[in-house]
Every structure is written in C-alpha cells, then in structure tokens.
Amino acid sequence: MSIEWVPVTPGRVEIGSDNRSILFGGVGPKHMVQINYRYSITKHPVLIELAEKLIQSKEADLASESEWQLALDQGAITGDGELEKLSDCCKGDYWGKALDGRPHFIDDWTFHIAKKWSSGKPKMRLLAKGSTETKFARLVKREDNFDLDLSPERLPANRDTTSLLKEEILISIMVGIIPSFVWAYFNASEGYIQTGWPGLVLGGIILGLSSMLFWRPKTVSFRLGRNCGKVKQR
C-alpha cells in the first residue's frame, strides 16, 4: 500500500471547546498551540497494522492532535468514514497540556483521543483505555533537526474550581431558586413559601444543575501572545 505524504508548514492552531454544557460541549479548555517545526503527514488514514510497522522501524510517528489540526486547517488531510488513532491521551480535558505541538499525555490517563470521519468531516472521539476500536492511524514525519523545548508553555495544571463553584451557585440562584419562589408566590397556597421553602430551595438547585445539560456560559480560553509567546487568558 502506497502512502501519500503531504508537507505542513509551521503555524498556530486552536484546539478544544469553550462550551461545557453536557449535550453540546466538548473537551476543554479551548487553547492555542504554536508549532514551529516542519513535518509531513499522511494525506489519508493508514491501516493500523502498517502504521505500527512504520512506527516500530522509526520511519514515522503517530500524529499529535495539534499536528493533525494544523494539517486539517491547511487542507492537507482527508478521510472517508475512518476512525483514526492519534497519540494524545487525557482524562477528559486538556489541563496541563504543552502548547508546542507535542502529544498531550498524563500518567493516569483514561481516554485516547481519536478522530472519526463522516461525510468528509471529522469529529473528536474519546476512546476508553484498552479500546481496540481504531483500525486506522494518522502518521507524521518530522524534520531531521526536530527538537522540542524542555520547558514549553503550558496550560494551567487545573481549572479554577473556586470560580467554577461561584458560577454554579449564581446559576442555581438565578435559574432555579428565584424562579421557584416566584412560581410559588403566584401559584402555591397561602403560607406555602413559609413552610415549604426548603423544598423550593432544593428544587431550584436541581433545576439550576439540570440546566447544565443545555447551557453554560463560555469558559475561559487561552492564547499565546503574538510577541512574547506567553500563555494568556481571553
């Protein structure tokens, strides 16, 4: 089987989602990656058996998601129904990820990042550890003088849980608790609010949390400064 290699030029690419609703959200946080090296990538996904042989012989490597996305943005890759394996592993988020193009990997990872093609368009898939579902892979050949910084720019190690908790409390109050009391004021029997307020509060909290299925404010995203190259929030 012949493999068609396509060159990819260095550049910046955005990865991830700033939507954390359960039904419509994606893996976050949204962030920018700067790839400063040249590489070639397989135009089409490669059968996993052949890919493993090339990797073992050190003729190629599995593409990182960042390399894959930059190639996609440049129109270098395509697919036709394949589920293709990439080299990134995660726990369902990108916290702590290096922003120089290398694969995202943590010791206690639970998911393998893959891409599923459908009607010529790809979507992310998170595959559980040990999954053998992928039959294809995307390979890269990096330039001979390829070298990565020992101390790359990274995303913060963890999300800001304090701000997230404050946001959830505010949403529960505005979306759940206040509407519950307003409904009771106009529709419940006299004295219900005085005696039934614990149930109204609990119901409001549940309603506020349930709204996470469909909506949450956009979460913080990260970019790299154009001149300084440092990680910044936006």
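The values are calculated or read from the model by the stated rules, or taken from the named source; none is laboratory data. Since this is a predicted model, take the numbers as computed values, not measurements. Quick reminder, even Gly has a Cβ in these numbers, built from the backbone with ideal geometry, and neighbours come from all protein chains shown.
Observations on the structure shown:
- Any chance residue 146 is surrounded by 10 or more Cβ atoms within 10 Å (Cβ to Cβ), modelled with pLDDT under 90 and of a type in the set (A, V, I, L, M, F, W, C): yes
- Each residue in the range 198-230 was checked for being surrounded by 14 or more Cβ atoms within 10 Å (Cβ to Cβ) and either hydrophobic (A, V, I, L, M, F, W, C) or touching a Phe, Trp or Tyr at 6+ places or on another chain (Cβ under 7 Å) (or both), and 10 of them qualify.
- Residues in the range 121-148 that are of a type in the set (Gly, Ala, Ser) and farther than 17 Å from residue 70 by Cα: 128, 130, 131.
- Residues that are at negative phi and in contact with a His (Cβ under 9 Å, 6 or more places away or on another chain) were ranked within the range 4-46; the one that is surrounded by the fewest Cβ atoms within 10 Å (Cβ to Cβ) is 4.
- Contact map, the range 47-71: first residue in the same structural domain as residue 31 (by TED's automatic domain parsing), second residue surrounded by 14 or more Cβ atoms within 10 Å (Cβ to Cβ) and assigned to a helix (DSSP H, G or I), Cβ cut-off under 6 Å, separation 6 or more or different chains; pairs are 60/54.
- Residue 20 fulfils the conditions (1) of a type outside the set (Ser, Thr, Tyr); (2) in contact with a helix residue (DSSP H, G or I) (Cβ under 9 Å, 6 or more places away or on another chain); (3) at pLDDT 95 or above except for a single criterion, (3).
- Selection count, the range 96-128, where residues are among the aromatic types (Phe, Trp, Tyr) and surrounded by 18 or more Cβ atoms within 10 Å (Cβ to Cβ): 2
- Selection status of residue 195, free of Cβ contacts under 8 Å to residues at least 60 places away in the same chain and either out of contact with any strand residue (DSSP E or B) (no Cβ under 7 Å at 6 or more places or on another chain) or in the same structural domain as residue 38 (by TED's automatic domain parsing) (or both): yes
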